[in-house]
1. Would you be able to tell me the number of residues in the stretch 68-80 that are away from ligand 1 (no atom under 16 Å from the Cβ), in a loop (DSSP other than H, G, I, E, B) and in contact with a strand residue (DSSP E or B) (Cβ under 8 Å, 6 or more places away or on another chain)?
2. Could you look through the stretch 89-106, keep only residues that are over 17 Å from Pro54 (Cβ atoms) and touching a residue at least 40 places away in the same chain (Cβ under 8 Å), and pick out the one that is farthest from ligand 2 (Cβ to nearest atom)?
3. Please enumerate the residues belonging to the stretch 41-60 that are more than 6 Å from ligand 1 (Cβ to nearest atom) and in contact with a helix residue (DSSP H, G or I) (Cβ under 7 Å, 6 or more places away or on another chain).
4. Evaluate the stretch 63-78: report whether one residue or more is at pLDDT below 95, within 30 Å of Met145 (Cα to Cα) and either out of contact with any His (no Cβ under 9 Å at 6 or more places or on another chain) or within 16 Å of ligand 2 (Cβ to nearest atom) (or both).
5. I'd like to know if the stretch 81-99 contains one or more residues that are within 11 Å of ligand 1 (Cβ to nearest atom) and crowded, with 21+ Cβ neighbours inside 10 Å.
6. Scan the stretch 37-49 and give yes if some residue there is over 28 Å from Gly134 (Cβ atoms) and either more than 16 Å from ligand 2 (Cβ to nearest atom) or hydrophobic (A, V, I, L, M, F, W, C) (or both), otherwise no.
7. Output yes when any residue across the stretch 116-126 is within 16 Å of ligand 1 (Cβ to nearest atom) and part of a loop (DSSP other than H, G, I, E, B), and no when none is.
8. Considering only the stretch 120-148, state which residues are crowded, with 19+ Cβ neighbours inside 10 Å and within 18 Å of Gln95 (Cα to Cα).
Amino acid sequence: MISLMINGKQHHYNDDENMPLLWVLRDILKYTGTKYGCGKGLCGACTVHLDGQPIRSCVMPVSAVGKQKITTIEGLSNNGDHPLQQAWQQLNVPQCGYCQSGQLMSAAALLAENPKPTEQDIDLAMSGNLCRCGTYNRIKAGIQMAAGMKVTSFNIDDFALDKQSIDEQAIDKLAMDATAKGVKS
Ligand code: FES
Ligand code: FES
């Protein structure tokens, strides 16, 4: 039997040890926020954290998890209020939304490790997360906003958003929240 600590809760799994973690999370334990995309470790849709590190759960056998703590999108914050989730809402980042839990998990791991990433840091950390809707600029802007940094990749007019919703006060508040929470998953 395999014990899994997921989002602070203990689970037990008693089936094929070679089953990819993604299948165990989604089909057996019903953590369906984590998505299946390519199944080959190429798209990032299935990204979860193992002890805070982003991994592709579609290519990791459940037996390889060991004692490492798993965090899924359901466990990123208690009330959907991680600074990244707040920034995502402010900027209307998702389009179809399918890739976004993986995007958020990769972004959260980045900010936990590097609270003030450069554009290059962001590009590198997020390069394995594909978005078929092409929301890359909004994703980068959301990371910068959550980090309390100047948003460099985002032109409000390109996305016809309400300019009032992206005011400096909102950015300041997110920066304060991010600092208070230590931007950890
Ligand atoms: S579904 Fe895992 S990387 Fe694509
Ligand atoms: S928002 Fe549709 S795939 Fe990324």
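1. Residues in the stretch 68-80 being away from ligand 1 (no atom under 16 Å from the Cβ), in a loop (DSSP other than H, G, I, E, B) and in contact with a strand residue (DSSP E or B) (Cβ under 8 Å, 6 or more places away or on another chain): 2 in total.
2. Applying the first criterion (over 17 Å from Pro54 (Cβ atoms)) to the stretch 89-106 yields 89-98.
Next, only the ones that are touching a residue at least 40 places away in the same chain (Cβ under 8 Å) stay: 90-95, 98.
Working: Gln90: 16, Leu91: 13, Asn92: 11, Val93: 8, Pro94: 5, Gln95: 4, Tyr98: 5 Å.
Ranking the candidates gives Gln90 first.
3. In the first step, residues of the stretch 41-60 are kept if they are more than 6 Å from ligand 1 (Cβ to nearest atom); the result is 47-55, 57, 59-60.
Within the stretch 41-60, Thr47, Val48, His49, Gly52, Gln53, Pro54, Ser57, Met60 meet the criteria.
4. Quick first cut of the stretch 63-78, residues at pLDDT below 95 only: 78.
Checking which are within 30 Å of Met145 (Cα to Cα) leaves us with 78.
In the following step, the residues that additionally are either out of contact with any His (no Cβ under 9 Å at 6 or more places or on another chain) or within 16 Å of ligand 2 (Cβ to nearest atom) (or both) were identified as 78.
Yes, the stretch 63-78 contains a residue that is at pLDDT below 95, within 30 Å of Met145 (Cα to Cα) and either out of contact with any His (no Cβ under 9 Å at 6 or more places or on another chain) or within 16 Å of ligand 2 (Cβ to nearest atom) (or both).
5. Applying the first criterion (within 11 Å of ligand 1 (Cβ to nearest atom)) to the stretch 81-99 yields 98-99.
This time we only want the ones that are crowded, with 21+ Cβ neighbours inside 10 Å, so: 99.
Yes, some residue in the stretch 81-99 is within 11 Å of ligand 1 (Cβ to nearest atom) and crowded, with 21+ Cβ neighbours inside 10 Å.
6. Taking the stretch 37-49 first, the residues over 28 Å from Gly134 (Cβ atoms) are none.
The answer is no, given that none of the residues of the stretch 37-49 is over 28 Å from Gly134 (Cβ atoms) and either more than 16 Å from ligand 2 (Cβ to nearest atom) or hydrophobic (A, V, I, L, M, F, W, C) (or both).
7. Narrowing the stretch 116-126 to residues within 16 Å of ligand 1 (Cβ to nearest atom): 125-126.
Within this subset, residues satisfying the condition of being part of a loop (DSSP other than H, G, I, E, B) are none.
Within the stretch 116-126, none of the residues are within 16 Å of ligand 1 (Cβ to nearest atom) and part of a loop (DSSP other than H, G, I, E, B).
8. Just the residues of the stretch 120-148 that are crowded, with 19+ Cβ neighbours inside 10 Å, to begin with: 122, 125-126, 129, 131, 135, 138-148.
Matches in the stretch 120-148: Met126, Asn129, Cys131, Thr135, Arg138, Ile139, Lys140, Ala141, Gly142, Ile143.
The values are calculated or read from the model by the stated rules, or taken from the named source; none is laboratory data. These numbers were taken from a predicted model, which means no experiment stands behind them. Cβ sites come from the backbone with ideal geometry, for glycine too, and all protein chains shown count toward neighbours.
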